[in-house]
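Visitor: Quick one: the structure is below, and I'll ask about it shortly.
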């Protein structure tokens with residue numbers, strides 16, 4: 001884990017207030033995605049990257065109802081740079097984003 005990912009989680013694995021503030025303000029989409037991949041609870045199936053065509057790829061974030069993931073989504077929803085790429089969400093904590101390939 002990097003310094004940022006260690007800083008992002010408390011002793012019980014929940015995002016810290018500092019981490020949530022970080023995600024509200026960070027402009028580097030690639031960095032956000034890299035950190036999310038490391039700290040997303042249920043990351044093996046809750047955060048899925050798909051390669052696509054025509055210069056874009058999609059990311060699915062599934063919270064599984066876990067409050068820590070929902071806190072992360074709430075912080076990300078306040079980040080204009082990240083939320084610009086939001087495409088839809090479905091009932092049950094399922095969020096879908098489409099990013100330019102430069103953020104892979």
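No value in this document is a laboratory result; all are computed from the given coordinates. This structure is a prediction, so every number in the text was calculated from the model and none was measured. Don't worry about glycine lacking a Cβ; one is built from the backbone with ideal geometry, like all the others, and counts go over all protein chains shown.
Visitor: Test of understanding: in a Gaussian network model of the chain with alpha carbons linked when under 10 Å, which of 90, 64, 28 would top the mean-square fluctuation ranking?
Guide: For the chain, modelled as a Gaussian network with Cα springs under 10 Å, the answer is 90.
Visitor: Label residue 11 and residue 25 with points 7 Å out from Cα along Cα→Cβ: what is the distance between them in nm?
Guide: 2.7 nm
Visitor: Here is a follow-up. How far is helix 29-39 tilted off the main Cα axis of the chain, in degrees rounded to 10, range 0 to 90?
Guide: Around 50 degrees separate the two axes.
Visitor: Something else about it: Considering the range 3-103, what Rg and Dmax in Å follow from its alpha-carbon atoms?
Guide: Cα radius of gyration and Dmax of the range 3-103 are 12.8, 42 Å respectively.
Visitor: Next question. Suppose the chain between residue 49 and residue 67 were pulled fully straight at 0.36 nm per residue; how much longer would it get relative to their current alpha carbon spacing?
Guide: Length gained between residue 49 and residue 67: 4.3 nm.
Visitor: Could you state the angle between the C-alpha long axis of helix 67-77 and the longest principal axis of the C-alpha atoms of the chain, as a value from 0 to 90 degrees rounded to the nearest 10?
Guide: 50 degrees
Visitor: For residue 104 and residue 86, calculate 0.36 nm times their separation in residues minus their Cα-Cα distance, and state this gained length in nm to one decimal.
Guide: The residue 104-residue 86 span can extend by a further 4.9 nm.
Visitor: Treat each spin label as a single point 7 Å out from the Cα along the C-beta direction, and report the residue 58 to residue 78 distance in nm.
Guide: Inter-label distance under the simple model: 2.9 nm.
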